[in-house]
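Have a look at the structure below, then the notes.
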């Protein structure tokens with residue numbers, strides 16, 4: 001009896017070679033009569049990660065599809081000055097507990113990274129899986145000021161926001177958020193209107209879409225006549241999304257296809273949207289790489305500003321571009337204008353253990369993924 | 001920004017949380033974004049929050065599509 | 001660079017560069033130059049040393065005591081030696097609870113007995129509070145050589161095996177360090193590899209215990225050592241289902257999770273099935289598997305390639321930074 005080496009996922013066909021082969025064949029049948037390579041942008045870092053980890057990118061290139069990574073990486077697009085503000089607190093004040101997701105702690109700034117700085121006495125950094133852990137810490141350690149540093153897109157925003165709802169209801173005095181909330185549809189608009197890139201279609205982020213539904217992408221199809229498909233995260237899901245986009249290109253009829261219907265409802269998650277609406281308000285946001293985009297971020301409404309770390313601790317967040325003066329070209333990578341290999345620092349000064357910019361730090365940063373996963377030329 | 005797993009709800013607490021099983025590991029998930037969730041439902045869990053209920057019919061439909069692709073090729 | 005960073009101790013490229021530039025050339029000698037897990041001395045014995053700084057000290061499946069004996073024993077086994085004598089050096093922080101120290105010492109005693117090694121010499125130091133991580137332990141070990149790794153004899157077609165399910169130790173440590181709201185029931189795989197000793201007489205060409213950096217790091221290092229490509233199939237790597245579930249929830253790559261009781265073997269093709277059968281007849285090896293082979297048709301010299309479940313190819317590089325949970 002051979003040991004069980006493969007995992008038995010619920011619905012495990014999504015990962016098999018057979019399914020991938022069939023879908024790639026179907027894609028090839030569509031691209032055969034089209035000018036290739038077609039350039040499709042996947043916006044979500046998790047899509048980028050799946051494409052690379054499964055080794056699909058070279059196989060997609062063989063069937064005429066070039067995947068370009070977009071700015072769907074919260075660690076990559078959150079400017080340094082957020083981290084620096086948190087570092088100042090952690091290092092300068094006692095009895096501070098900073099809770100955050102793993103990636104954020106490795107971003108190198110002028111003041112070091114969250115992981116490497118030495119906290120003030122009584123202060124510390126805690127990596128959490130869920131923002132709920134931060135609320136629990138606030139309850140368990142009433143003498144500490146707990147700050148949840150949350151950077152994320154619409155998938156993560158409702159959960160983080162829920163902690164404010166809970167903190168408000170429980171009258172928690174020692175809990176607050178430093179938020180870096182980014183919205184996908186305005187970023188898409190900015191990329192398209194930036195006019196710098198020749199993208200033939202989009203793969204939309206499946207779990208962002210589970211929250212916001214299908215409608216916010218309509219402008220891409222209707223106003224800009226670009227095809228797109230909402231896709232899930234198994235290899236077969238992404239290939240289904242790509243197949244749909246290629247079919248739209250052939251038919252000349254761009255739309256917003258939903259290829260992740262088992263998870264994404266057309267209206268999205270209404271409850272999550274309600275929480276966002278109740279506690280948050282749109283704001284201009286300064287995206288690393290893309291620059292400032294109006295109404296592309298969210299912040300706490302004035303009536304909940306007591307839970308905003310910026311107000312509670314009088315944090316000074318920088319204005320304008322936060323790019324340190326280095327030769328790092330993360331900004332252009334995030335816009336899909338250049339490949340990581342086009343950056344002069346890539347693979348030389350900038351490597352995973354000595355990252356010069358966020359795209360090499362974040363696990364779904366295009367540069368780290370390129371470095372880790374793309375050393376392989378096609379061997380077929 | 002979308003890392004999440006499809007798990008089965010195996011228990012519900014009365015504070016809006018519950019246990020979701022994924023391949024034998026259990027994660028404590030918050031269901032406040034999914035009212036009317038029941039034990040036995042399949043959900044997508046991201047950063048400790050259940051963000052969507054899995055539609056079994058749609059899942060089966062897609063799996064059938066894979067089989068049909070084989071017949072076409 | 002003027003100061004040592006934490007990353008330099010992580011086992012990744014920075015540490016290898018440090019050793020290659022500051023250690024090896026400074027203490028130049030042919031034995032050190034081999035850079036095996038243990039040094040092969042001209043008296044027919046092997047010598048190894050390791051320091052243990054694990055945090056937390058106690059974790060599901062073991063503690064720093066079980067680790068410090070098994071780790072050194074395993075380094076000797078995979079270098080071809082039967083472990084016999086160990087030294088034990090303790091660096092204890094002022095204020096450390098005596099009760100915990102006793103538990104650790106008892107574990108050391110039990111593990112040494114289980115591995116038939118004797119603690120024959122040692123040292124104890126106490127450092128002021130705040131200057132140590134509660135307790136650090138160093139063990140050095142010697143054993144008589146009964147075989148030797150022969151990387152120069154490895155040829156395309158030779159098979160690559162693992163002795164069991166991988167990644168359990170690294171995951172157990174990560175979970176007990178961070179206390180995420182997860183119930184995984186994952187225990188460290190910390191265990192002695194003594195059952196592998198007879199296999200040196202069965203024609204095994206190379207062994208390495210899979211520790212920090214996980215399976216991917218060992219594969220990358222093997223490829224570099226033999227200057228040949230190798231190809232491993234993701235579908236054949238044995239993982240426990242619990243581990244698979246947990247790493248997907250947290251977003252961790254299981255290829256890089258440490259083990260403390262698993263080894264990678266390279267065996268000649270014609271002996272692979274027989275060796276696999278023998279490994280599986282041992283309780284410690286019942287989930288052993290052939291996961292790949294040394295290549296000559298695909299890949300470039302020194303490349304460790306993974307054929308993914310989906311049929312793509314991925315290049316495996318050594319671990320470069322600490323594994324952290326992701327949301328993306």
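Structural remarks
- Candidates A:8, A:52, filtered to the one that is within 8 Å of chain C (Cβ to nearest Cβ), over 20 Å from residue A:201 (Cβ atoms) and either modelled with pLDDT under 90 or surrounded by fewer than 23 Cβ atoms within 10 Å (Cβ to Cβ) (or both): A:8
To keep it simple, each residue is scored yes or no on (1) modelled with pLDDT of 95 or more; (2) part of a strand (DSSP E or B); (3) buried (at least 23 other Cβ atoms within 10 Å of the Cβ).
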residue	(1), (2), (3)
A:163	yes, no, yes
A:167	yes, no, yes
A:181	yes, yes, yes
A:186	yes, no, no
A:189	no, no, no
A:193	no, no, no
A:203	yes, yes, yes
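- In the set (1) in a helix (DSSP H, G or I); (2) under 17 Å from the mean Cα position of the chain (by Cα), the condition left unmet by residue C:54 is number (1).
- For segment A:24-46, the criterion of being surrounded by fewer than 24 Cβ atoms within 10 Å (Cβ to Cβ), within 11 Å of chain C (Cβ to nearest Cβ), farther than 17 Å from residue A:359 by Cβ and modelled with pLDDT of 90 or more is met by at least one residue.
- Of all the residues in segment C:161-185, those that are within 20 Å of residue C:260 (Cβ to Cβ) and outside any helix (DSSP H, G or I) number 9.
- Test: residue in segment C:213-221 that is under 15 Å from the mean Cα position of the chain (by Cα) and part of a loop (DSSP other than H, G, I, E, B): yes
- Residue check for residue C:75: under 24 Å from residue C:146 (Cβ atoms), assigned by TED's automatic domain parsing to the domain that holds residue C:137 and assigned to a helix (DSSP H, G or I): yes
- Residues that are outside any strand (DSSP E or B), within 23 Å of residue C:79 (Cα to Cα) and at the interface with another protein chain (Cβ under 9 Å from one of its Cβ atoms), drawn from segment C:237-296: C:280, C:286, C:287, C:288
- Only one of A:275, A:281 that is assigned to a strand (DSSP E or B), at pLDDT 95 or above and farther than 20 Å from residue A:100 by Cβ: A:281
- Check on residue C:215, surrounded by fewer than 22 Cβ atoms within 10 Å (Cβ to Cβ) and within 19 Å of residue C:77 (Cα to Cα): no
- The single residue among C:163, C:139 that is surrounded by 18 or more Cβ atoms within 10 Å (Cβ to Cβ) and not assigned by TED's automatic domain parsing to the domain that holds residue C:56 turns out to be C:163.
- Residue list for segment C:297-322, restricted to those being more than 7 Å from every other protein chain (Cβ to nearest Cβ), closer than 30 Å to residue A:208 by Cβ and surrounded by 23 or more Cβ atoms within 10 Å (Cβ to Cβ): C:306
- Some residue of segment B:40-57 being more than 10 Å from chain A (Cβ to nearest Cβ) and assigned to a loop (DSSP other than H, G, I, E, B): yes
- Candidate set from segment B:22-36 (those that are modelled with pLDDT of 95 or more and more than 8 Å from chain C (Cβ to nearest Cβ)); member that is surrounded by the most Cβ atoms within 10 Å (Cβ to Cβ): B:29
The values are calculated or read from the model by the stated rules, or taken from the named source; none is laboratory data. Note that the structure is a prediction, hence the values are computed from the model and not measured. A quick note on method: Cβ atoms are made from the backbone with ideal geometry, for glycine too, and the neighbour counts reach across all protein chains shown.
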